[in-house]
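Heads up: the structure comes next, in structure tokens.
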Amino acid sequence: QVQLVESGGGSVQAGGSLRLSCEASGTISSFNTMGWFRQPVGKERELVAGVERDGSTKYGDSGQGRFSISRDTAKDTLYLEMNNLKPEDTAMYYCAADLYNSGTDYYAEHWGQGTQVTVYS
């Protein structure tokens, strides 16, 4: 059973930075893709960023420019570096593995429990 455990969320002032971590129970190289999603209260979950097995990355509109996804295969850990945070970045952030898409909508086979990020002005 795949387990993904996120950490690193919290409250931060606008303009600040946070780094989220996602530790996997297995070898992350075994996943075709991994990524980060977010879901603000009352809104749908959206892709923030994804990384393929070969290391190539993709970013959703919300992750473009200020966010950076990376991974450490030796530690089986996925990261999301978030800079210049804005109040609209406030959301629950989820780690995911084995992503797939239907058109422009992205989904995943495995999910973490999420970590809350709150950005205050």
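The values are calculated or read from the model by the stated rules, or taken from the named source; none is laboratory data. On a predicted model such as this, the values are computed, not experimentally measured, just so you know. Note that we place each Cβ from the backbone using ideal geometry, even for glycine, and neighbour counts take in every protein chain shown. Protein only, heavy atoms only, side chains kept; ligands, DNA and RNA dropped before computing areas. Shrake-Rupley method; radii C 1.70, N 1.55, O 1.52, S 1.80 Å.
Scanning the range 108-121 for residues that are within 19 Å of Gln1 (Cβ to Cβ) and open to solvent by 80 Å² or more (accessible area, probe 1.4 Å) yields Glu109, Trp111, Gln113. For the range 94-121, what are the residues that are of a type in the set (Val, Ile, Thr) and more than 15 Å from Tyr59 (Cα to Cα)? If the condition is that a residue be of a type in the set (Val, Ile, Thr) and more than 15 Å from Tyr59 (Cα to Cα), then Thr115, Val117, Thr118, Val119 are the ones that fit. Taking the criterion of being β-branched (Val, Ile, Thr) and touching a strand residue (DSSP E or B) at 6+ places or on another chain (Cβ under 7 Å), the residues of the range 1-43 that qualify are Val2, Val5, Val12, Ile28, Thr33. Of the set (1) under 13 Å from the mean Cα position of the chain (by Cα); (2) farther than 13 Å from Gly112 by Cα; (3) open to solvent by 50 Å² or more (accessible area, probe 1.4 Å); (4) at pLDDT 95 or above, all apply to Gln64 but (4). Taken over the range 87-105, residues that are surrounded by fewer than 17 Cβ atoms within 10 Å (Cβ to Cβ) and part of a loop (DSSP other than H, G, I, E, B) amount to 2.
Return yes or no: is Val12 of a type in the set (Val, Ile, Thr) and not in a loop (DSSP other than H, G, I, E, B)? When the stated conditions are applied, Val12 passes them. If you go through the range 17-37 and keep only what is of a type outside the set (A, V, I, L, M) and open to solvent by 20 Å² or more (accessible area, probe 1.4 Å), you end up with Ser17, Arg19, Ser21, Glu23, Ser25, Gly26, Thr27, Ser29, Ser30, Asn32. Looking for something of a type in the set (Ser, Thr, Tyr), open to solvent by less than 60 Å² (accessible area, probe 1.4 Å) and within 23 Å of Ser17 (Cα to Cα) - is there at least one such residue anywhere in the range 42-56? The answer is no; no qualifying residue exists.
Residues that are closer than 18 Å to Val117 by Cα, surrounded by fewer than 20 Cβ atoms within 10 Å (Cβ to Cβ) and without any contact (Cβ under 8 Å) to a residue 24 or more places away in the chain occur in the range 68-86; there is at least one.
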